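Step one of this worksheet: look at the structure below.
Each reported figure results from applying straightforward, stated rules to the coordinates on display, with no laboratory input. Source: prediction; values computed, not measured. Glycine gets a Cβ as well: all are built from the backbone with ideal geometry, and neighbour counts include every protein chain shown.
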Amino acid sequence: MIHDKKVSLKKNRISSRFIIFTIVLFGGLVILCTQWRLQQKWSFDSNKSVSSITISKFIQESNCPKTLSYRMGKKHGFGSEFSLYLRIAAIAFKLNYTLIVEDSDWNYGRLEDYFNKTTATLNYSNSCFKESDNFQINPELEKSIWPASWINNKHVYLPREIDYIDQLFLALFVDQSQLSEMHQEERKNSKRNELLSAYGTLPTTFEQAFLAQVEVMNRIWIPRNELAQEIKEGEEALEELRVNQSTVIIGLHLRLGDKVHELSNYKVGMTIELKADQGQLRSRDNEPPSTNKLADACFDAAESLLSQIRQTSNSTLQSLPILIVMSDDPDGIELIQSVERSKQWKIMTVSSLLDKSSDLSKFQDLHQSSFSTKLKRHSSKSFHRVGFHESVFNQLPLSKRITQTRKFIIELTLLGRLSDGIIFTGSSNVSKLFGLLGNEKRLMERTMRSLDVRWHPTARYTR
């Protein structure tokens, strides 16, 4: 009898252990299946990366943050795609969402190839993130841009609908009545013949939008260690060039190459004559700007900045100012150095500052590629035919694209952060990033000048 009870108790213990083991095993399978479903849901390749950037200042540590997911485009220019990324991040920040960026298809590699991670990859518990929570925004179903119907959803996916994203950004960061008044005023004064002023380059209408993008830029544009080291060395080299504290440094970003016609004949949905102080920057027959007039426009802007900066400086010393040129076209750099007015400046390139050849641009090896003949075919006619061409760049191996882009980021960061004033072409998305690198100081001190059109926070000038 006692023996039978012992056998029964032993069987009960075995049965209990089996039940516990079964429950644990089942629970583990549920977790694994849930994780697999999440991976399938977002179509993330395990061999590729997902960069998770916490944008909201209100979210500290939470097991269940609100999320806004976005997939970066493929073969789009760095400036245009990164600018779009900034606008989406600013929207997420404003609406208290954590932004998840899927960058596996990005033409330039991964964000982590250039920038440090700002947060660890987010982990979601089952109760936080279910497949049924995934809400894909459909702009066509939205009755209004703002308020948006999807803001009540905790987890949303934002498609790459640029017009919708831009309109949403403007609704959140720009006063609509001021925007309308600005556009009306621009239509009245569509023909101008003067250099854009400080407020003409960055209108008060866009101040909040500019600061919103600067804030996001400061969180995201943190070059990874090896890039940051080269930037630091460049900063040290530049500081050695300062004769004294009164030495003024002006940075010029001149984007030519395949964007030259945006400078020479910028179409913005209205007739705007793009001129710069007695020098027309475009002609009606769609020819590129006259090289001497383009150089004159650059020096008009440089002298305007120099005068402004010296007036606000407490120092009475006036050493030779420095003009640092960054251009995708080596002939464009030579153009700046060749005119008579350059003798009043110490002219140099960012690449020479980084102990590279001062006569070549950051994309110099593109001209040694198999595409060089096609690019230089018309070089005898005008200097603008060479330079950076996105279609050529896209055909390079990924490793080459990453190498070239790292050089570009080093140079743009160095010039944007260290220059006392900057000159750019507002029609270039890279130039718009260039302005943001100076932080809010660029806005407060108004040390930006555009050679063609004003700074604008969206893809389209007329937005």
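Here are the numbers:
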{"item": "Sorted peptide list for 156-164, 421-429, criterion being average Cβ within 10 angstrom, highest first", "result": "421-429, 156-164"}
{"item": "Dimensions (Å) - the stretch 139-180, Cα atoms, principal axes, largest first", "result": "33, 20, 17"}
{"item": "Greater than 21 Å apart at Cα, pairs in Lys75/Lys117; Lys66/Lys117; Lys232/Lys407; Lys293/Lys343; Lys154/Lys432", "result": "Lys75/Lys117; Lys154/Lys432"}
{"item": "Karplus-derived 3J(HN,Hα), 6.51/-1.76/1.60, for each residue of the stretch 216-232, Hz, glycine and proline x", "result": "5, 4, 5, 7, 9, 7, 10, x, 4, 3, 5, 6, 4, 5, 5, 5, 4"}
{"item": "Per-peptide average of other Cβ atoms within 10 Å, ordering 339-351, 228-240, 95-107 highest first", "result": "95-107, 339-351, 228-240"}
{"item": "Listed peptides 76-89, 390-403 by packing density, highest first (mean Cβ within 10 Å)", "result": "76-89, 390-403"}
{"item": "Length gained when the stretch Lys346-Gln208 is fully extended (0.36 nm per residue, less Cα-Cα span)", "result": "46.2 nm"}
